[in-house]
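Structure record follows, encoded as structure tokens.
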Amino acid sequence: MIKLPGLIDPHVHMREPGATHKEDFDSGTSAALAGGFTIVLTMPNTKPPIFDAETLDMALDAASLKARCDYAQFVGAGPNNAEKAASLADKAAGLKMYLDSTFGELRLDDMTLWQPHFEKYPKQYPIVAHSESRSMAAAILFAAIYDRPVHIAHISLKEEVQIIKAAKERGIKVTCEVCPHHLFLYEDLTGFGNLSGLTAGRKEVRPRLAEKEDVDTLWANLNVIDCFATDHAPHTIEEKDSDNPPPGFPGLETALPLLLTAVSESRLTIPDLIEKMYTNPKKIFNLPDQPETWVEVDENAIYEIKAEDQFTRCNWTPFESWQVKGKVRKVVLRGETAFEDGKILVNAGYGKNIRS
Ligand code: NCD
Ligand code: ZN
């Protein structure tokens, strides 16, 4: 049995308000606990998007009634809310900027709209950029110009990890995260495990799955990557198999087992895992201690991932039938056993807003 700290997932889509048939704070935080996470930072591309005091309260009210693990909510950067968003910084996880292809309404293509956000958002809180390739390079340039930190969400490409490495070496305040699906799946989906039968809609995700060379470069440069984040982006199996499939993969319940499997294959170490799922996100996102909080993992348990065993409401996983080694047995959150042997043991509403 291995004991880990309560893990932090800095990139989760809870779908509340507006799309609770995909997920809500109850099902999503249950999935988080089952996956070994005790803090989730939730994204603002909901319906309506979270971009001002009123919409932030909508999300936080729902979370305070339903969440079973601790959380904080991002505010989204819109075309004219830089001042408002900055004024909400103490209550928010951080500022999320959608600078590239994504799901939802929050997207800023025009760089003149980025400027006020980089100028105004308080430097002690993170700006998280959803940016890819050249837009990522542009986001890093903004961090350099305004001398403030930027955290790059879900990197997936060789060129991205190379630029981030170079920027870090020059003292630019950039950090980044990678998602398990970008470490375990290639574009042709011939990564290990049985992926036959994954329909075109189920392969849709932003950033898109990359090529083997990209994946290999990410693994070879794990020292450049600060955090593992799931980008848990649940859409129902019916939506994924429809003619117009939305992009996104669920990930809360598969991240730790996949990464523990990599540990069992000596591709990663437990200290790496703790650094990227606890120490670094805690520092980057300025998160508090959670006293009497830990996760117990059976590192020798071998089992198959099954959507039917999951708490997420979306009812599917891209890792269906993958054999993994490493299972979450128990999660203790602030002195209470929150999860044990497949069961959630704390009530909806037990989770706390870590920014309140
Ligand atoms: C995310 C979603 O569904 O909200 N989808 C995705 O493919 N990652 C949006 C996003 O993070 O871009
Ligand atoms: Zn996302």
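Overview of values
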quantity	calculated
Estimated translational D of segment 1-104 in µm²/s (Stokes, Kirkwood radius over Cα pairs; 20 °C; 1.002 mPa s)	154 µm²/s
Net +/- balance of residues flanking Ser133 in space, Cβ distance below 9 Å, scoring K and R +1, D and E -1	-3
Cα Rg, Dmax, the chain, angstrom units	18.6, 52
Carbon and sulfur %, accessible surface of the chain computed with the full protein complex present, 1.4 Å	48 percent
With 5 Å bins from 0: P(r) over segment 108-216, alpha-carbon pairs, percent	2, 11, 22, 20, 15, 12, 9, 6, 3, 1
Residue with peak Gaussian network fluctuation, the chain [Cα springs, cutoff 10 Å], from Asn221, Asn280, Asn244	Asn244
Residue-normalised accessible area of the chain, expressed per residue, 1.4 Å probe, Å²	39 Å²
Nearest-0.05 FRET efficiency for Leu113 and Glu308, computed from C-beta distance (R0 51 Å)	0.70
Viscosity 1.002 mPa s, temperature 20 °C, Stokes-Einstein D of segment 158-312 from Kirkwood C-alpha radius, µm²/s	125 µm²/s
Neighbour net charge for Asn300 - beta-carbon separation under 15 angstrom, K R +1, D E -1	0
Estimated distance in nm for a label pair at Glu169 and Asp298, the labels positioned 7 Å out from Cα along Cα-to-Cβ	4.6 nm
Calculated [θ] (222 nm, deg cm²/dmol) that DSSP helices of n ≥ 4 give over the chain, each run adding -39,500 (n - 2.57)	-8000 deg cm²/dmol
Highest-fluctuation residue, Leu218, Leu259, Leu108 considered, GNM on the chain with Cα pairs under 10 Å	Leu108
Residue of Asp57, Asp147, Asp110 that the Gaussian network model of the chain assigns the largest fluctuation, springs spanning Cα pairs under 10 Å	Asp110
Separation in nanometres of the label points that stand 7 Å from Cα toward Cβ, at Thr337 and Glu54	4.6 nm
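The values are calculated or read from the model by the stated rules, or taken from the named source; none is laboratory data. Treat the numbers as computed from the prediction; the structure is a model and nothing was measured. For neighbour counting, all protein chains shown are included, and Cβ atoms are generated from backbone atoms with ideal geometry for every residue, glycine included. These area figures cover heavy atoms from the full protein model, side chains too; ligands, DNA and RNA do not enter into them. Shrake-Rupley method; radii C 1.70, N 1.55, O 1.52, S 1.80 Å.
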